Ligand code: SF4
């Protein structure tokens with residue numbers, strides 16, 4: 001009987017979050033060591049090395065094949081005008097899959113394929129961006145046979161550690177969160193969760209010290225140090241230090257093309273809406289923990305934003321840099337450990 005049929009996850013139709021806006025302006029941050037550039041398949045690695053022998057190889061930190069960066073943190077193929085030399089000379093198809101895809105992603109659900117966007121690039125967070133349309137980005141999330149490729153498949157939603165919802169039960173709850181994130185309410189109030197919960201078998205100070213110790217000369221390491229430093233300040237009143245802003249030129253470019261300013265509330269609200277929409281959290285934990293985890297990163301991000309504004313940064317840029325940092329750190333193994341220790 002049709003009514004007893006179990007709903008499968010689907011990649012079509014392609015679905016876009018209402019209110020999501022993005023296009024690539026070539027601000028250039030995504031082609032740097034703000035994150036590991038990869039992973040590459042063995043075939044992609046061989047193709048990149050055929051173009052430039054120094055460009056790719058095994059990376060012990062990521063335990064995978066990755067693109068290599070120059071001393072300034074940029075990918076070997078990143079040109080001075082922020083264009084990709086592989087793309088310029090051989091076309092979009094010649095780039096590794098991860099490069100074609102970023103900052104987009106796809107999650108298969110019973111309703112269709114949700115297009116997701118990462119917020120660590122100012123192309124996603126700053127300026128007057130067009131509405132995201134599935135037809136404009138379809139090529140980036142499909143394979144050579146024009147089939148959308150899902151990063152994850154989510155069928156049911158873990159609301160708490162004990163309660164799961166059917167996808168159709170989750171959708172109206174989620175729609176209400178997303179509507180409120182784009183409004184005027186205080187974001188922490190919408191999340192309705194207390195930041196910095198007790199960490200099992202550790203402390204925030206210990207974790208923050210590890211974050212600061214992760215500084216390794218990359219932009220990622222500097223973002224880790226900012227977040228670690230901010231945790232120490234918020235938790236223990238430590239005096240803040242400024243770990244530097246090596247990503248400044250990418251945000252300078254974004255600011256130069258963005259005469260219209262947004263509020264910091266809009267930048268953070270847009271990020272939270274996509275964090276919920278992405279359903280990354282539904283893969284290995286639940287919405288209760290996600291709200292607490294997001295409330296914690298929001299508190300860190302808002303403090304960083306205030307510090308940056310205090311040092312003279314335009315408010316929307318300060319918020320965009322802060323979102324970049326809390327997203328980069330949120331994707332790291334260091335934050336996975338923090339989330340594991342938040343579990344009750
Ligand atoms: S290969 Fe091209 S798109 Fe990929 S990181 Fe390098 S410069 Fe950027």
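The values are calculated or read from the model by the stated rules, or taken from the named source; none is laboratory data. Note that the coordinates shown come from a computational prediction; the quantities given were computed from them, not determined experimentally. Quick reminder, even Gly has a Cβ in these numbers, built from the backbone with ideal geometry, and neighbours come from all protein chains shown.
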Testing residue 172 on (1) out of contact with any helix residue (DSSP H, G or I) (no Cβ under 9 Å at 6 or more places or on another chain); (2) surrounded by 18 or more Cβ atoms within 10 Å (Cβ to Cβ); (3) more than 18 Å from residue 11 (Cβ to Cβ), one condition comes back false. Which one is that? (2)
Quick one: which residue in 151, 229, 216, 192 is at pLDDT below 95 and either surrounded by 12 or more Cβ atoms within 10 Å (Cβ to Cβ) or assigned by TED's automatic domain parsing to the domain that holds residue 278 (or both)? 216
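Return yes when residue 258 is closer than 28 Å to residue 129 by Cα, in contact with a helix residue (DSSP H, G or I) (Cβ under 8 Å, 6 or more places away or on another chain) and free of Cβ contacts under 8 Å to residues at least 60 places away in the same chain and no when it is not.
In short, no.
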Counting only residues that are free of Cβ contacts under 8 Å to residues at least 24 places away in the same chain and over 22 Å from the mean Cα position of the chain (by Cα), which one in region 50-69 is farthest from residue 220 (Cα to Cα)? 50
Check every one of the strands (runs of 3 or more DSSP E) wholly within region 61-126 and list those with 3 or more residues that are within 15 Å of the ligand (Cβ to nearest atom). 64-67
Quick one: which of 32, 23 is closer than 30 Å to residue 130 by Cβ and either free of Cβ contacts under 8 Å to residues at least 12 places away in the same chain or more than 10 Å from the ligand (Cβ to nearest atom) (or both)? 23
Expected output for region 150-162 (first residue under 18 Å from residue 106 (Cβ atoms), partner at pLDDT below 95, Cβ below 6 Å, 6+ apart or cross-chain) is 152/283
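Taking the stated definitions as given, is residue 139 out of contact with any strand residue (DSSP E or B) (no Cβ under 9 Å at 6 or more places or on another chain) and either in contact (Cβ under 8 Å) with a residue 24 or more places away in the chain or not assigned by TED's automatic domain parsing to the domain that holds residue 224 (or both)?
Working: out of contact with any strand residue (DSSP E or B) (no Cβ under 9 Å at 6 or more places or on another chain): yes; either in contact (Cβ under 8 Å) with a residue 24 or more places away in the chain or not assigned by TED's automatic domain parsing to the domain that holds residue 224 (or both): yes.
When the stated conditions are applied, residue 139 passes them.
Based on this model, can you work out whether residue 42 counts as surrounded by fewer than 16 Cβ atoms within 10 Å (Cβ to Cβ), under 30 Å from residue 134 (Cα atoms), within 14 Å of the ligand (Cβ to nearest atom) and at pLDDT 95 or above? Before you say what the answer is, go through the steps one by one.
Values: surrounded by fewer than 16 Cβ atoms within 10 Å (Cβ to Cβ): yes; under 30 Å from residue 134 (Cα atoms): yes; within 14 Å of the ligand (Cβ to nearest atom): no; at pLDDT 95 or above: yes.
Against the criterion (surrounded by fewer than 16 Cβ atoms within 10 Å (Cβ to Cβ), under 30 Å from residue 134 (Cα atoms), within 14 Å of the ligand (Cβ to nearest atom) and at pLDDT 95 or above), residue 42 does not qualify.
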State whether one or more residues within region 239-247 are surrounded by 23 or more Cβ atoms within 10 Å (Cβ to Cβ) and in a helix (DSSP H, G or I). no
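Confirm whether residue 17 is touching a helix residue (DSSP H, G or I) at 6+ places or on another chain (Cβ under 7 Å) and more than 10 Å from the ligand (Cβ to nearest atom).
Values: touching a helix residue (DSSP H, G or I) at 6+ places or on another chain (Cβ under 7 Å): yes; more than 10 Å from the ligand (Cβ to nearest atom): yes.
So residue 17 fits the description; yes.
Evaluate the following for residue 284: is it modelled with pLDDT of 95 or more and surrounded by fewer than 21 Cβ atoms within 10 Å (Cβ to Cβ)? Walk me through how you get there before you give the answer.
On the way: modelled with pLDDT of 95 or more: no; surrounded by fewer than 21 Cβ atoms within 10 Å (Cβ to Cβ): yes.
No.
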Keeping to region 298-344, report how many residues are surrounded by fewer than 18 Cβ atoms within 10 Å (Cβ to Cβ) and in a loop (DSSP other than H, G, I, E, B). 6
Counted residues in region 283-295 being in contact (Cβ under 8 Å) with a residue 40 or more places away in the chain, touching a helix residue (DSSP H, G or I) at 6+ places or on another chain (Cβ under 8 Å) and in a helix (DSSP H, G or I) come to 7
